[in-house]
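Below: the structure, in structure tokens.
The values are calculated or read from the model by the stated rules, or taken from the named source; none is laboratory data. Since this is a predicted model, take the numbers as computed values, not measurements. No Cβ is skipped: glycine too gets one built from the backbone with ideal geometry, and neighbour counts run over all protein chains shown.
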């Protein structure tokens, strides 16, 4: 299973398998028929390649993202776009993990990675995008980072166990002990 350079594994093989499935291909083909801006991209992988190519065509990138997010928000069968978004945002997920891991040292790295993914999908589900909104991906990722930071801060901090000195009642170590 591939790993990001900065965190626990994100199962890219499983994501690619899902994006290659017959069921997802049918959904993607439906989207391409409904939305002409997707017609230049015959597969979800070619669309991911477009986003990763770092073109200067930000208007098209934003339009496509808005379109796909709206379809994802409609639910079944387009809820399966969640897999596409996880594959598309894998570099951003890894970057977010590397940025928050210092705050989350006490937490299981896999749990933190899962929370980032869940926060991404929830943000995509809940986000109300305006027609003229620019930097759609940046807006989404900023909200994800905020959600994850709040989640980390709400996790309980484990306290070390108290040890009683042998043969003592423990009062010698009590913060309430006053000198007599």
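Summed over segment 83-107, the residues that are outside any helix (DSSP H, G or I) and modelled with pLDDT of 95 or more give a count of 1.
Quick check on my filter: what residues within segment 108-127 are crowded, with 17+ Cβ neighbours inside 10 Å and part of a loop (DSSP other than H, G, I, E, B)? Matches in segment 108-127: 127 only. Among the residues making up segment 73-82, those that are farther than 20 Å from residue 145 by Cβ and either surrounded by fewer than 20 Cβ atoms within 10 Å (Cβ to Cβ) or at pLDDT below 95 (or both) are 73, 74, 75, 76, 77, 78, 79, 80. With the structure loaded, tell me whether residue 93 is over 30 Å from residue 158 (Cα atoms), touching a helix residue (DSSP H, G or I) at 6+ places or on another chain (Cβ under 6 Å) and surrounded by 12 or more Cβ atoms within 10 Å (Cβ to Cβ) or whether it fails that test. Answer is no for this residue. Could you tell me whether segment 67-90 includes any residue that is free of Cβ contacts under 8 Å to residues at least 40 places away in the same chain, touching a helix residue (DSSP H, G or I) at 6+ places or on another chain (Cβ under 7 Å) and more than 19 Å from residue 140 (Cβ to Cβ)? Looking through segment 67-90, none of the residues is free of Cβ contacts under 8 Å to residues at least 40 places away in the same chain, touching a helix residue (DSSP H, G or I) at 6+ places or on another chain (Cβ under 7 Å) and more than 19 Å from residue 140 (Cβ to Cβ).
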